[in-house]
Every structure is written in C-alpha cells, then in structure tokens.
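Enquirer: Dropping the structure in here first, questions after.
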Amino acid sequence: MRFTSFLENGKLTVALTGEIDHHCAKNYIQAITGKIEAYTPDICVLDFQDVTFVDSSGIAVVINALRNMTQIEGKLILTGICAQPMRVFRASGIDKIVEIKEAVS
C-alpha cells in the first residue's frame, strides 16, 4: 500500500496506487480516516489514476471515506478512475452516491 496526500485550500487529495483488495483495504481505510480526522477538509478527492484493480474491498474504502466526509459535512470526489475500477463502482452503485470526475480540478 502506497499513497500520497496533500492539503490545499481546504481540499485533501489522496492519490492511491496499485491494487485495492482485501490485503490492503483496511490500511487504506485507516490512513484515509486519519487524514480526514487530522485535516477536516471541506473536500476530499480520492485519486485513482494509479489504481489498476479494485474489488469489493475498494468499495469499502470509498464508503468509509464518504462516511467520514459526511460526518464533517464535507464532500467526497473520486477522480482518475480507469476501466476496471469504474466497472466495479458502477456495478455497486457508487457512481450514484459519490461524484466522479475525470481529472482533479
């Protein structure tokens, strides 16, 4: 599990990498939760540009980030999603409850 994050003007961007499956999902959830709790951003962007695979554990990562952002009345945005993760997110309905953008703005 590797990721980078930065905070700028109330927007926390977390760039995820590799495969998000049951082996690393718990660590991602804990790390993202920690960043949200530490910075209480207005917007959290999860950047999936370097993510090659997502399974149901990846859905849990997104749902937990959404729950954390909702608790602080913030907004979650997903960006940079390639084909395989997008199929999983669409099949699960994530695209109906979380905003998905093509690129970080």
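Enquirer: Leaving out ligands and nucleic acids, and using a 1.4 Å probe, what accessible area per residue does the chain come to in Å²?
Expert: On the way: 5720 Å² over 105 residues.
Normalised by residue count, the accessible surface of the chain is 54 Å².
Enquirer: Once the whole set of protein chains is in place, how much accessible area is left on Thr17, using a 1.4 Å probe, in Å² to the nearest 10?
Expert: Result for Thr17: roughly 30 Å² accessible.
Enquirer: Give the label of the value calculated from the structure for semi-axes √(5λ) of the Cα gyration tensor in Å, choosing from [x] 19, 14, 13; [y] 46, 13, 11; [z] 21, 15, 13.
Expert: Correct label is [x].
Enquirer: If you add up the charges near Lys75, with Lys and Arg at +1 and Asp and Glu at -1, over every other residue whose beta carbon is less than 10 angstrom from its beta carbon, what do you get?
Expert: Details: positive: Lys11; negative: Asp42, Glu73, Glu99.
With Lys, Arg at +1 and Asp, Glu at -1, the neighbours total -2.
Enquirer: Oh, and also: Taking the Cα centre of the chain as origin and charging only Cβ (+1 Lys, Arg; -1 Asp, Glu), how large is the dipole, in debye to the nearest 20? Don't skip to the answer; put the middle values down first.
Expert: Details: 10 positive and 12 negative charges, 30 e Å.
Charge dipole of the chain: 140 debye, to the nearest 20.
Enquirer: How many nm is it between the label spots at Lys26 and Glu73, if each spot is 7 Å from the Cα in line with the beta carbon?
Expert: Between Lys26 and Glu73, the simple spin-label model gives 3.5 nm.
Enquirer: Could you work out the longest stretch of the chain that avoids the GluC sites (Glu not before Pro) located in DSSP loops with at most 13 other Cβ atoms within 10 Å?
Expert: Working: sites that count: Glu73, Glu102.
Between exposed loop sites, the widest span is 1-72.
Enquirer: Can you find, among Val88, Ile77, Ile43, the residue sitting farthest towards the positive end of the charge dipole of the chain, where Lys and Arg contribute +1 and Asp and Glu -1 at Cβ?
Expert: Val88
The values are calculated or read from the model by the stated rules, or taken from the named source; none is laboratory data. Just so it is clear, the structure is predicted and the values come from calculations on it, not from any experiment. Note that each Cβ is placed from the backbone with ideal geometry, even for glycine, and that neighbours are counted across all protein chains shown. Quick note on the areas: whole protein, heavy atoms, side chains included, nothing else; ligands and nucleic acids left out. Shrake-Rupley method; radii C 1.70, N 1.55, O 1.52, S 1.80 Å.
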